[in-house]
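Notes follow the structure.
The values are calculated or read from the model by the stated rules, or taken from the named source; none is laboratory data. Note that the coordinates shown come from a computational prediction; the quantities given were computed from them, not determined experimentally. Methodologically, a virtual Cβ is constructed for each residue, glycine included, from the backbone with ideal geometry; neighbour enumeration extends over all protein chains shown. What goes into the accessible areas is simple: the full protein's heavy atoms, side chains included, and nothing from ligands, DNA or RNA. Shrake-Rupley method; radii C 1.70, N 1.55, O 1.52, S 1.80 Å.
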Amino acid sequence: MAGSTPDALWSSSAVGILQPAAVACRGLRKRVRGSWVLDGVELAVRAGVRLLLIASPEETASLTLRILGGLVRPAAGTIEIAGIARSEGIARWGRRLAYVGPRTGIYPWMTPHEALDLAGRLADLGRAEGAARIQRAIVSWGLAPSLDRPLRVAGPGVAERTAMATALLTDPEVLLLDEPLRAVEPEERGRLLRIPGRRRTLILASRYPASEAGIVNEVALLRDGRLALHAPLTALDARGLPLSQRGIEALADVVQAHSGRVASA
Amino acid sequence: MRTATVTWLALRELWISFRLIILLAAILAGGIAGALVPELTLDPALLAIGLAAAAVLLAGMSARTLSRERSRGTTAWLAVRGVPRWVVIWAWLAAFAIPIAVGGAGAALLGWLSSAVDLPSPVDPVSYAAVATSAVAGVVVVVALGFTLGAILRPLPAMLIAILLGAVMSGAGLLATNDAPILPTAGLGLLATLSTLDRPLADGVRSLGLASAAIAVLIVLAAAFLESADL
């Protein structure tokens, strides 16, 4: 599985047509405080998919994203992001992967402009290209009014927008979002999270599935450390179930009762 | 390039949080005290004691700093941008070592001006520089120990254990009066007993070598711990 998708494919527009697995993990296991919170998770997310990931217990979804982002080491299992296996070194994921967690991780004394400039330098974007991308990010994420104000003064909403803007500066193939933009007005949040890019894959962990309507097109449920459901959002509509934790769990029960295994998208 | 960027970031964080001033003041305190009240000593002992006390404080500060960087997500922010974790450790070591070196040089100069010239058996400047450099390197050893603890422990326990171990290491270095230095913090003891040394240059260089090796080992250890840590 390692390196099964050639680099050239990810550099071409064919990704949008062929839709290879942008994120693939097999046999993912992780033990926390003596118990297996992930116990053999198998998940494949095709390029271009916008996946809502929820879990029971809830914090498992965050943990899974941090493992996929290379921040937490799994006890076992393989992970492949945009054709590059974790075993090849997570530094190789580089510009193909971005992760934004509930803590922005940006120093509060930084201004949005400084944070964007730093992200550009760390990504080796080059002066001209970096400046152009930063300018686009400022416009897209509405950062102009607070551009030179320290984040601690500008507030959590600006800090979260800045975190998103720095994450997208490198135009990543895979975007991992853990409860993003919670300090932003719900309507504005929904607009901002409809991130353009047909080939971009989004995995969004959320405790409030209903708030992700219109942003995601697939849903996955982790239950008791395993993948209990992975289905298109239309499967919920087809059974008249709401986009909520209860609705998704009910769909997982129905699908498992019918097939005896995990539903696949 | 990335190392320089992250080091600059760490220095700015130290500056904005006033820790850089505390760090410089702690290092310079012994030298300034010796310069202001030269009758307190006929030896640079006061400078050595000041450096040892600074080392204890800075061990706690370095441990807490790295642990906080992990817990508040700034290390994760760098890691997801492809910055290797060892670069984070190296950058923070450099961010502490640069002001320690600058402050240490200032303190050593003050120590020389205030006391070394009055020693019963005069010490040549090169030997004094070697011993003073080894003492400052001893401080960096204790700071590196703090980073090692900060890479695996939470901020408060990391800070407390680093202060405790830093006090033991600094105290042992200060009190060790062997013929030849065997501790990485022995430079502090050499500086405290400068006038009694038979071969200050050789002892200073040897102590500096020991300190450098200890710093290397501790930083490799810290990098290994941070590599396996969950961010």
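Relative to the globular-protein estimate of 2.2 N^0.38 Å, the Cα radius of gyration of the protein assembly as shown stands at 1.18. Taking every full run of DSSP H in chain B, the ones that stretch at least 30 Å from end to end by Cα along their long axis and average -0.5 or higher on the Kyte-Doolittle scale are B:45-71, B:85-114, B:125-150, B:200-228. Applying the Kirkwood pairwise sum to the alpha-carbon positions of chain B produces a hydrodynamic radius of 17.5 angstrom. Quick one: net charge of B:S228's neighbours, Cβ under 11 Å, K/R +1, D/E -1? Local charge sum for B:S228: 0. Just the accessible area per residue of segment B:7-105, please: how many Å² with a 1.4 Å probe? Here the residues of segment B:7-105 average 36 Å² of exposed surface.
Surface composition of chain A: carbon and sulfur atoms hold 52% of the protein heavy-atom accessible area at a 1.4 Å probe. Solvent-accessible surface of segment A:195-263, taken per residue with a 1.4 Å probe and all protein chains present: 48 Å².
Summed over both chains, the contact between A and B buries some 2400 Å² of accessible surface at a probe radius of 1.4 Å. For segment A:175-255, trypsin sites (Lys or Arg not before Pro) meeting the loop criterion (DSSP other than H, G, I, E, B) and having at most 12 other Cβ atoms within 10 Å: A:R194, A:R198, A:R239. Quick one: which bits of segment A:145-168 get at least 20 Å² less accessible when the partner protein chains are in, versus the chain alone, with a 1.4 Å probe? Flagged in segment A:145-168: A:T166. Restricting segment A:33-65 to trypsin sites (Lys or Arg not before Pro) that sit in a DSSP loop and have at most 14 other Cβ atoms within 10 Å of their own Cβ leaves A:R33.
Going from the isolated chain to the complete set of protein chains, segment B:72-117 loses at least 40 Å² of heavy-atom accessible area (1.4 Å probe) at B:R72, B:T74, B:W77, B:V80, B:R81.
For the residues B:G150, B:G73, B:G187, a GNM of chain B with alpha-carbon springs under 10 Å puts the largest fluctuation on B:G73.
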